[in-house]
Amino acid sequence: MSAVSRPFRERLCPFRSRSLLLSAVSLFIMKESLLEILCCPLDKHDLELEDAEYDDAGEEIVAGTLVCSECGERYPIEDGIPNLLPPDMREETPA
């Protein structure tokens, strides 16, 4: 068994591991490469990108939606920031 307990790892979600979490935090922008480490906070399944809008350089995703491949829950991306809060914790009004 790993040094990190399973419940602790699950609390890290939407990131699959602590090192990946630290890598993602250092990026500060939403890129397609983050899809490899993000997961649905509800059921821990993969997220798929839909309706992506990119910046002028075509590197950063500035708007779009992340959709869980299992439960179908949708998570918006606004101003390059994915909102991975569970649905009941999200504000319905835009910032």
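Near residue 63, the amide H atoms lying under 5 Å from its own belong to 53, 80; only residues 5 or more places off or on other chains count, and H is placed 1.01 Å from N. With the simple model of a label 7 Å out from the Cα in the direction of the Cβ, residue 83 to residue 63 spans 1.4 nm.
Couplings 3J(HN,Hα) for region 37-54, derived from phi with the Karplus relation 6.51 cos²θ - 1.76 cosθ + 1.60 (θ = phi - 60°), are 10, 7, 9, 5, x, 7, 10, 6, 8, 5, 10, 10, 8, 10, 6, 6, 10, 10 Hz, where x marks Gly and Pro.
Each value in this text was obtained by applying a stated rule to the coordinates, not by laboratory testing. Everything numeric in this text was worked out from a predicted model, so none of it was measured. Using ideal geometry, Cβ is built from the backbone for each residue, glycine included, and neighbour counts are taken over all protein chains shown.
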